[in-house]
1. Counting just the residues of the range 304-345 that are β-branched (Val, Ile, Thr) and not in a loop (DSSP other than H, G, I, E, B), which one comes out surrounded by the fewest Cβ atoms within 10 Å (Cβ to Cβ)?
2. So for the range 62-72 (the condition being in a loop (DSSP other than H, G, I, E, B), open to solvent by 40 Å² or more (accessible area, probe 1.4 Å) and touching a helix residue (DSSP H, G or I) at 6+ places or on another chain (Cβ under 6 Å)), does at least one residue qualify?
3. Looking at the range 394-430, which of its residues are among the basic types (Lys, Arg) and more than 21 Å from residue 357 (Cβ to Cβ)?
4. May I ask you to say which residue of 466, 500, 485 is assigned by the TED database to the domain that holds residue 292 and at pLDDT 80 or above?
5. Quick one: residue 517 ticks every box in (1) more than 21 Å from residue 555 (Cβ to Cβ); (2) at pLDDT 90 or above except a single one, so which number is it?
6. Specify which of the listed residues (147, 167, 173) is touching an Asp or Glu at 6+ places or on another chain (Cβ under 9 Å), outside the structural domain of residue 83 (by the TED database) and at pLDDT 50 or above.
7. So, in the range 253-292, exactly how many residues are surrounded by 13 or more Cβ atoms within 10 Å (Cβ to Cβ), modelled with pLDDT under 80 and under 19 Å from residue 316 (Cα atoms)?
Amino acid sequence: MPASEPVLLGRKRALPSCPNPLFLKWLTELRDEAREKGLKIQYTYQKAISSLTKYPLPLQNAKEAKILQNFGDGICKILDEKLQRYYRENGALPPSRPDNNNLAPPTKVYKEFKNAAGDQGKDGGGGRRKKREYVPQKRSGGYAVLLTLYRQSQIPGSKGYMFKLELQAEAQLLCDKSFTVPDLGSKYTAWSSVSTLIQKNLVIKTHNPARYKKKKSNCGSTRTHTQGLKHFKCSLEGEGGERFFSGKPQDSQAASKKASGGCLLPGTYEILLCVDFIETTGGSRHCKQELVKELQRNGVNFDIRKLNVGDFLWVAREKVAPVPGQLRAPAGRELVLDYVIERKRMDDLCGSIIDGRFREQKFRLKRCGLRRPIYLVEECGTAAAHQSLPEATLQQAIVNTQVVDGFFVKRVQDVRESAAYLTVMTRYLTKLYQNRTLICRSRELEGDGESEEERGTPSYSLISFAEFNHGAIKNKCQTVKEVFARQLMQISGLSGDKAAAILEHYSTPHSLLTAYEQCATEAEKEKLLSSIRYGKLKRNLGPALSRTVYQLYCTQGALS
């Protein structure tokens, strides 16, 4: 019997039931807490516990647990927070047990928490290397972006941030790689390094559309990076650094316009008609295919793609030579010309007026960033006399679009005349822009879209097609101001111009309600908006519309 005991108890030490007892303990506590509250998430915690007990290896942190079943981002985040709290509460040397290597903090995580608590140099172990600061390589994407934002921050009276396109244009001069076109065989551009800068807390990204700015040097780590930037600044003296750090706003504008990749010179691009794919599919398929055939018959260079606003527009597409060994030529840059067309048949016009799309489409066309919106109306003979709305109502809507909204309205009889008008417009724009230098600008830069004369060469500032189409997405994430404008426009008689006038004084519902609270009497509240002027003629909103808005936002219960 004594001889058999070494066989039964042959192990020198008993292995723990789970190599990750801390995680197991915390998950059990979470499960029990959820069970007491009657939450269904208790079953998720139980599944995670089952997966953890089956895993035979120790986990250094909760991120490594993502490889296990039933471990999502939420559970891993909770476990990481508990792990960090555990290290902080137990100080530099948490209690450990020889039979459980997961209770002692891992070396990498331990260093991070020790540095965060300010315990550097107290352990007495001189073998550990000091954590190296991140400094981007010279003439890399991160290097160029940091230097450009640093220059922007040194300009007196600057806005303090930069949009993506203007940041790319100015940073391109300081970088060897392209910010827009990836290298051969790679999917990454110089702009890909911006995510690293944001992760290292060197660059701050806010708002939508995104705004980028350099983080202020308010801590030792950032101060080290700022010193590195100043070192980079000194190294630029041989490559035009004085121009970038002179602090003159006009130098910044010149640099952004002359940046490689920021403009299209005459002869390097072609004018292309873009047709929304909805105009070629669905509905009256025969008529839509007839439009495509007419354009082909007229020799128009066009492309069918998804347009988030409008039915037709024109782009200046860069001519790119094919690359040997590649099946397709690289995609050229595309800048949108200032002309966009919304095509309406009489039946479509009638339906859009009834369901409210007519006002919304005009509102979106005004905000799309193009200055020449056009309404192409196909009257289709006597079709207007057989619609659900009177013909006079349809004709009045067309006149209002031209007179009140400021759109150019072109009337045609059928699809063939529509194709003829698109053909004539394409040839006209080709001739108009043939000797123009086209400069890419950001959609947010107001007052930068007019034509200029630079050394006798006329130039136009246009937005890129990618930015235009992204900014025109119908159901994109909206700001409070945009949602407030949509709410106001649902009121009968409150047009886009009237809503914009109200937003100039009260940009959010909260500001409007605060103004109502400051009014002394009920009559004063009803007339709060009556004196606001709107439109080109600067007319007053009037007391009736002001009373309606007040009743909508301040009446308790249902409106009578």
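The values are calculated or read from the model by the stated rules, or taken from the named source; none is laboratory data. It should be emphasised that the depicted structure is a prediction, and the values quoted were computed from it without experimental measurement. Glycine gets a Cβ as well: all are built from the backbone with ideal geometry, and neighbour counts include every protein chain shown. Calculation scope for accessible area: heavy atoms of the full protein, side chains included, ligands and nucleic acids excluded. Shrake-Rupley method; radii C 1.70, N 1.55, O 1.52, S 1.80 Å.
1. Taking the range 304-345 and keeping what is β-branched (Val, Ile, Thr), we get 304, 309, 315, 320, 323, 336, 340-341.
Of the ones still in play, those that are also not in a loop (DSSP other than H, G, I, E, B) are 304, 315, 336, 340-341.
Details: 304: 15, 315: 23, 336: 23, 340: 24, 341: 24.
Selected residue: 304.
2. As a first pass, look at the range 62-72 and keep what is in a loop (DSSP other than H, G, I, E, B): 68-72.
Imposing the further condition that a residue be open to solvent by 40 Å² or more (accessible area, probe 1.4 Å) reduces the set to 69-70.
Applying the additional criterion that residues be touching a helix residue (DSSP H, G or I) at 6+ places or on another chain (Cβ under 6 Å) yields 69-70.
Yes, that holds for at least one residue.
3. Result: 416, 427.
4. Details: 500 fails: assigned by the TED database to the domain that holds residue 292; 485 fails: assigned by the TED database to the domain that holds residue 292.
Criteria check complete, one pass: 466.
5. (1)
6. That would be 173, the only listed residue that is touching an Asp or Glu at 6+ places or on another chain (Cβ under 9 Å), outside the structural domain of residue 83 (by the TED database) and at pLDDT 50 or above.
7. Number of matching residues: 5.
Every residue, every condition in (1) in contact (Cβ under 8 Å) with a residue 24 or more places away in the chain; (2) under 37 Å from the mean Cα position of the chain (by Cα); (3) over 18 Å from residue 18 (Cα atoms), yes or no:
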| position | (1), (2), (3) |
| --- | --- |
| 39 | no, yes, yes |
| 54 | no, no, no |
| 58 | yes, no, no |
| 65 | yes, yes, no |
| 68 | no, yes, no |
| 84 | yes, yes, yes |
